[in-house]
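Let me begin by presenting the structure, written as structure tokens, before commenting on it.
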Amino acid sequence: MKEWLSERLVRYLRFSDEQAARWLHLVGVTLAALSFLLMATLVVAFDDIAGRAGATLQIGNITEQNIRAPISLTYVSQVLTDQRRQAASDSVRPVFDPPDPNVARQQSQLARQILDFIDNVRRDPYATLEQKITDINKITALTLDEAIVPHILEMDDETWRSVDDQIVNVLERVMRESIRDTDMGTVLSQLPMQVSVRFNADDVSTIVSIVGDLVRPNTFANPQETEAMQLEASNNTPSESRSFERGQIVVREGTRIDGADYEALNQLGLLRPAERRLQGIARAFLAVLIVMITAGLYIARFTPELYEHSRFLALLAFIFLLALIGARLFGVGGQIYVYPAAALALLYVTVMGAEIAVIGTLGLALLMGLMANNSLEIAALVSVGGIIGALSLRRSERLNSYFFAGLVISLANTLVVTIFNLGALAASEETSITVLILYSLLNGILAAAASLVGMYIVTLLFNLPTSLKLVELSQPNQPLLQRLLREAPGTYQHSLQVANLSEQAANAIGANAELVRVSALYHDIGKMLNPAFFVENQADAVNPHDVLNDPYRSADIIISHVTDGDKLARQYRLPARVRDFIMEHHGTTRVAYFYQKAVDQAGSDAEVDVEQFTYPGPTPQSRETGLMMLADSCESTVRARRPTNRQEIFDIVQEIFDARTRDGQLDSSGLTTSDIKTIRNIFVEMLQAVFHPRINYPAGATQALPKTGSLAVTPKTPLTQDASSDALAAVNRAKAAVVQEASRPRRTEDKREDIPVTSPSTDTGTRRAVANGEALRLLPAEEDDSPLPDVPPLPRTGEFRAVRTETNGVVDGAADVEKPAGTVAGAGLDTAADKAEIEDTQKDGKPDGSR
């Protein structure tokens, strides 16, 4: 699509390719900015756009924050007035009529009929006992227990007549009083007290059982009178008024909104009716616009190169929108004190840096405070927690750094919540502020966890060089690094050295050391396609370029390792930022050696196309790529020239720095003069440690060794007593090194030469040393368990020599070597064979560009 539009601009509007690309980029950024403005406004003003105040402002919902009155207002609450009048009406007791005497008369007659029936059953001479029990149980007005009926039948006549009279008397006495439905329980419980004391327990149970079944309420409520009394009480209740002062809490956090709360919010205008929605939308639009303008000016002032990476800007905007949407769904509409808004700051630090994280946090704090009903507390909570979290996250490649930042965020949130809620302590609301503090502590932990999850998702979806991605790429078991190690081992070692140089220098100037180190490991992966054409991978001084004898073809092979490396990086899905190092680490320099060779063959530089000997570039566009360009050139050149002292290393490094600066390779890198000076000093120190000079022994020469396998040491100056133990330890290490060297297997075709080895410090025995040009073995002439000779005191700093004895034509020689305190000259020195194995096969004068 972009190519199609660019083609149309060039064809119809006569734009150049560069102008078309610039205009398309500008149009794309503008459209993206407008889209962000509209979407952010939609999120912030969602309540007004949706035509409602929000989920928390509906009857039955629970508020997640304190809602305060925006104005002072007094009004008559119809809801509260109705509730008060209903309470007055409910408080009126029901009105009852006087007791009805007909109820007592009816129940007395019923009792007489029942007692006469029972008497007839008792007197029936023909019925059996079971028939009499069955007849009495058929009395529907009574519910007698099984034990009472037999007792009635077993009474003698005199007792029954007494029981009969007592039942009638008790029933009439009880029914004379006013009995309501609600009083029945009390009346029945007092019946035993109404029976005469002359009856036994069984008789009392019989009397109470029969009377209890016959007692009925005789006093009833009058609905008309009751309703009239309730209406009068309601009418006499005054109206209820409510008053609110500006800033006073209308609905407290955690309260379920009822009708009175909803009425208050409506009276105070907090429900934002339709005529006020446009104002809310305009307010949200202006707030988002201010955030965008502020962020845009900040980026233009401090990180202007970010405008050239539109996809990266889109990613930052996308993350911001996600945080804003989360605040709308789970923050303002949920528990705002738990929502991990600081995760945005931590994620921005990982992706871009602390500067962008600070400005992004301030923008999010402004919009969240606006969404939370203009809450200064929420704005302060988000801004303080996010900024402190961003500044405390220093090593984003370490997972524990995120949880340390989360702890700092928790403490900052606790302080902010305490500041804004100290009034709760004075109002004896310790429980409320305690819960808020717990929420604040939990907020920091959630912010750390959310940032890690977000970083993983961003790394997975957008293939960005986040700390997690860089840690993954730095592992030696990465397939691409393993392939580089197998196919181009020399290049692999070179990359390790460049990575070490770059990392130390990046730390010194405050650049992204982790990114530089990982990118340096992959910067020469293109050499795997033609490893033998690069000097670090050549063995036995065999150079394919000599056989090729075509400077154009050789230069093409050398230069192609950049483009081939970029193709491999894309194939293995390396982040784009890492691929920048591959393309920029040679900039637009020339392969000088083969260019000069082509000029010599052509006879004139006019006959040679310099573009065919120039790297495609571009020149380094960041401090990190510029730094690695210098590290790559310095390491390869120093290795090729083999300097013998610090001054030579310094001259080589300075020469390379001057050449790159003079050629304009660092103009776009952003490296300052101070940065270059610091980098140069770091390189010199580290290269001196790596390529320090060694003693150059003649080929095939052997050393005369003491009898015990140790080195004879002749000090040039006396050593202090404090250094004697250190010197003895060094001698022991030298002895172990020689023994280890002697144990190496020898080749069958090698010739043996017996060389007697003597020790100047003892004559208690001799050993024979066998030298084959590669290894040195000790052949015992006789067993000798004597200890090492005493080492005279030596100074901690000074010069001393290793003495080799002339035996069988081997010339005695001494090499004066400066060694630090506690070491012995010659201890751990390489033999001629070892020296040959580690020597670089690169010829002197081979150009740096061939690497």
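What is the magnitude of the charge dipole of region 209-303 about its Cα centre, with +1 placed on the Cβ of each Lys and Arg, -1 on the Cβ of each Asp and Glu, and no other charges, expressed in debye to the nearest 20?
Details: 10 positive and 11 negative charges, 210 e Å.
It works out to roughly 1000 debye.
Can you tell me the convex hull volume per residue for region 475-548, based on C-alpha atoms, in Å³ to the nearest whole number? Display every interim value, and only then the final one.
Numbers: hull volume 6.9 nm³, N = 74.
Spelled out: Cα convex hull of region 475-548, divided by residues, is 93 Å³.
Taking 0.36 nm per intervening residue step and subtracting the Cα-Cα distance, what contour gain separates Val610 from Leu110 on full extension? All intermediate terms of the calculation are to be shown ahead of the outcome.
Details: separation 500, 0.36 × 500 = 180.00 nm, distance 13.43 nm.
Roughly 166.6 nm would be gained on extension.
FRET efficiency for Gln190 and Arg573, Cβ-Cβ distance as r, R0 = 56 Å, nearest 0.05? Before the final figure, lay out each step's value.
Working: r = 94 Å, r/R0 = 1.68.
Computed FRET efficiency for Gln190 and Arg573 comes out at 0.05.
Per q in 0.12, 0.13, 0.14, 0.18 Å⁻¹, report the Debye log10 I(q)/I(0) for region 67-126, using one uniform scatterer on each alpha carbon and no solvent.
Debye intensities relative to I(0), on a log10 scale: -0.65, -0.69, -0.73, -0.86.
Calculate, in nm to one decimal, what Glu472 and Asp165 gain on full extension: separation in residues at 0.36 nm each, minus their alpha carbon distance. Kindly include the intermediate steps, with their values, before the conclusion.
Values: separation 307, 0.36 × 307 = 110.52 nm, distance 10.58 nm.
This chain segment gains 99.9 nm when fully extended.
Excluding ligands, DNA and RNA, what is the solvent-accessible area per residue of region 541-645 at a probe of 1.4 Å, expressed in Å²?
On the way: 4430 Å² over 105 residues.
Value for region 541-645: 42 Å² per residue.
Filter the GluC sites (Glu not before Pro) in region 119-213 to those in DSSP coil with at most 15 other Cβ atoms within 10 Å of their Cβ, and list the result. Please list the in-between numbers first.
Values: sites: Glu130, Glu146, Glu154, Glu158, Glu172, Glu177; in loops: Glu146, Glu177.
Hits after loop and neighbour filter: Glu146, Glu177.
Could the peptides 502-513, 95-106 be put in order, highest first, of the mean number of other beta-carbon atoms found within 10 Å of their residues?
Working: 502-513: 20.5, 95-106: 14.0.
Descending packing order for the listed peptides: 502-513, 95-106.
Quote the FRET efficiency, to the nearest 0.05, computed for Tyr126 versus Val92 with a Förster distance R0 of 60 Å and r equal to the Cβ-Cβ distance. Spell out each step's value before the answer.
Details: r = 62 Å, r/R0 = 1.03.
E between Tyr126 and Val92, to the nearest 0.05, is 0.45.
For Val250, what residues show an amide H to amide H distance below 5 Å, using hydrogens built from the backbone and excluding near sequence neighbours?
Ile67, Arg68, Ala69
Mind ordering 229-242, 188-201 by average Cβ neighbours within 10 Å, highest first? Please list the in-between numbers first.
On the way: 229-242: 13.6, 188-201: 12.0.
Peptide ranking by packing, descending: 229-242, 188-201.
What does the extension gain come out to for Thr673 and Ser310, with contour length at 0.36 nm per residue minus their alpha carbon separation?
On the way: separation 363, 0.36 × 363 = 130.68 nm, distance 3.00 nm.
Here the segment from Thr673 to Ser310 would lengthen by 127.7 nm.
With Rg and the Kirkwood Rh both taken from Cα atoms, where does Rg over Rh land for region 280-344? Don't jump to the answer; show the numbers that get you there.
Working: Rg = 14.0 Å, Rh = 13.5 Å.
Ratio of gyration radius to Kirkwood radius for region 280-344: 1.04.
Roughly speaking, to the nearest percent, how much of region 117-211's 1.4 Å accessible area is carbon and sulfur? Write out the running numbers ahead of the final one.
Values: 2710 of 5710 Å².
Looking at region 117-211 in its full context, I get 47 percent from C and S.
How big is the Rg/Rh ratio for region 607-672, C-alpha atoms only, Rh by Kirkwood, two decimals?
Numbers: Rg = 13.5 Å, Rh = 13.1 Å.
Ratio of gyration radius to Kirkwood radius for region 607-672: 1.04.
When you count, for each residue, the other Cβ atoms within 10 Å and take the mean per peptide, how do 552-561, 521-530 rank with the highest first?
Details: 552-561: 20.4, 521-530: 24.0.
My ranking of the peptides, most packed first, is 521-530, 552-561.
Can you give me the convex hull volume of the Cα atoms of region 137-250, divided per residue and expressed in Å³?
Working: hull volume 24.7 nm³, N = 114.
Output value, Cα hull per residue: 217 Å³.
Would you work out which of Ala576, Leu501, His586 lies farthest towards the positive end of the dipole of region 480-591, given +1 charges on the beta-carbon of Lys and Arg and -1 on that of Asp and Glu, about the Cα centre?
Farthest towards the positive end: Ala576.
If you place +1 on the Cβ of every Lys and Arg and -1 on the Cβ of every Asp and Glu, how big does the dipole about the Cα centre of region 122-271 come out, in debye to the nearest 20? Let's see the in-between values first.
On the way: 14 positive and 27 negative charges, 69 e Å.
The dipole magnitude comes to about 340 debye.
Roughly how many nanometres apart are two label points built 7 Å out from the Cα toward the Cβ at Asp135 and Leu322?
Taking the simple label geometry, Asp135 and Leu322 are separated by 9.5 nm.
Using r as the Cβ-Cβ distance of Phe302 and Gln335, and R0 as 30 Å, what FRET efficiency do you calculate, to the nearest 0.05? Intermediate results must be reported in sequence, preceding the final value.
Values: r = 35 Å, r/R0 = 1.17.
That pair, Phe302 with Gln335, gives E of 0.30.
Compute the separation of the alpha-carbon centres of region 198-272 and region 577-595 and state it in Å as a whole number.
90 Å
Can you list residues from other chains, or at least 5 along the same chain, whose modelled amide H is less than 5 Å from the amide H of Phe96?
Long-range HN contacts for Phe96: Asn222.
So, with a 1.4 angstrom probe, what is the percent of accessible area on region 303-426 that is carbon and sulfur? Intermediate results must be reported in sequence, preceding the final value.
Numbers: 3570 of 5150 Å².
Ligands and nucleic acids excluded, carbon and sulfur reach 69 percent.
Within the P(r) computed for region 562-654, what percentage of the Cα pairs occupies the region above 19 Å?
Numbers: 2379 of 4278 pairs.
Of all Cα-Cα pairs in region 562-654, 56 percent lie more than 19 Å apart.
Can you work out the Karplus-derived ³J(HN,Hα) for every residue in region 98-106? Use 6.51 cos²θ - 1.76 cosθ + 1.60 with θ = phi - 60°, whole Hz, and x for glycine or proline.
Each residue's phi maps through the Karplus curve to give x, x, 8, x, 5, 5, 5, 5, 5 Hz.
The values are calculated or read from the model by the stated rules, or taken from the named source; none is laboratory data. None of these values were measured; they are calculated from a predicted model. Cβ atoms come from the backbone with ideal geometry, glycine included; neighbour counts cover every protein chain shown. Please note that ligands, DNA and RNA were not included when accessible areas were found on the heavy atoms of the full protein model with its side chains. Shrake-Rupley method; radii C 1.70, N 1.55, O 1.52, S 1.80 Å.
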